[in-house]
1. Could you pull out the residue among 103, 83, 69 that is of a type outside the set (Gly, Ala, Ser) and part of a helix (DSSP H, G or I)?
2. Which of the following residues is of a type in the set (Asp, Glu) and surrounded by 14 or more Cβ atoms within 10 Å (Cβ to Cβ): 72, 100?
3. Determine, yes or no, whether residue 256 is touching a Lys or Arg at 6+ places or on another chain (Cβ under 8 Å), among the small types (Gly, Ala, Ser) and within 30 Å of residue 116 (Cβ to Cβ).
4. Just to be sure I understand, how many residues within region 217-257 are part of a loop (DSSP other than H, G, I, E, B) and of a type outside the set (Phe, Trp, Tyr)?
5. Residue by residue through region 146-157, note down the ones that are in contact (Cβ under 8 Å) with a residue 24 or more places away in the chain and in a loop (DSSP other than H, G, I, E, B).
6. Could you tell me which numbered condition residue 212 fails, if it satisfies all but one of (1) out of contact with any helix residue (DSSP H, G or I) (no Cβ under 6 Å at 6 or more places or on another chain); (2) crowded, with 21+ Cβ neighbours inside 10 Å?
Amino acid sequence: MEKTCAKKLSVLPFRKGFTLIELLVVIAIIALLLSILLPSLRAAKELASGSVCLSNLKNLGTAWLTYANENDGYLVGGSNYYNGSRPTPYRWVEVPLRKDTDNPETTSPATEAEYSITTRKNGIRAGKLFPYVGVEDVYHCPGDKNVAKYAEPKAVFRSYAITGLMNGEDFVSRVSGLYSPIATYRTAVVTPSGITKQLFVAEKLTQITAPSNKHVFVEEDVVPKGQYVNAGGFVLLNGSSYTWWDVPAYFHNNTSTIGFSDGHAERHRWADSDTINLAKNGVPDPRPLENEDLHWMVRGYLPK
């Protein structure tokens, strides 16, 4: 019996395993494939988030137009400044609030120590545009990782701003208070050749020329600037110079989603490396007069 078993055992096939060198080669090939695929997958994910972002801005654009049409053509206020020298009445969003029924003109808003996803969403719900939108997540781009990346007070939720000349903050002063007319407009260089103009603030739809080319909503990452409220709107032409002031975000593989005053939205790819370096690393644009991205933004920034 023992001989039979031994004989049977002796004819079992010998199974050879991988050698160490073969294992190392396989691991190296897998690592190489991952290094090739991961950037592509990351880019695809960012572009996919851009599709959601486009939908968000189309919804906001429809709400923005509906508000104007139901208010005799007057635009919703394009910043959340409720006091100071450049306050905005009928604001589209408010600063973070303890309750969504609060009004910062009469009730103190949340302090920085109270900033949370709740107080931030309260500010969105208290804004004049929210009844036309109805969902807080429309104000947030899925490519904007600030909520997950930072603890409060840096966990900014809202990803979009309204440009400063669309009934926003880009003027010098009002006549006598929050609900009084604008008294003094700002003057700035508006072309690379040095042409200077008064920056007219559109307060009605009829004051916007070529609305399909004029920006309303812009993606903006305010955390690097320390604006943890996402205060005010999106402003260009720093001081009186032809240069960037606020900087668009780059949430979608070096592209941004822009909403226009006719209600449509589109994804815009930044063509100049200086724009990307400014947005990602905060490096000032060394040649703004030659930056085609800035040229495009300024053309869409001016209502007239």
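1. Exactly one of 103, 83, 69 is of a type outside the set (Gly, Ala, Ser) and part of a helix (DSSP H, G or I), namely 69.
2. 100
3. yes
4. Residues that pass the stated criteria total 23.
5. Across region 146-157, the qualifying residues are 150, 152, 153, 154, 155, 156, 157.
6. The number of the failed condition is (2).
No value in this document is a laboratory result; all are computed from the given coordinates. Values in this document were obtained by computation on a predicted structure and should not be read as measured data. Don't worry about glycine lacking a Cβ; one is built from the backbone with ideal geometry, like all the others, and counts go over all protein chains shown.
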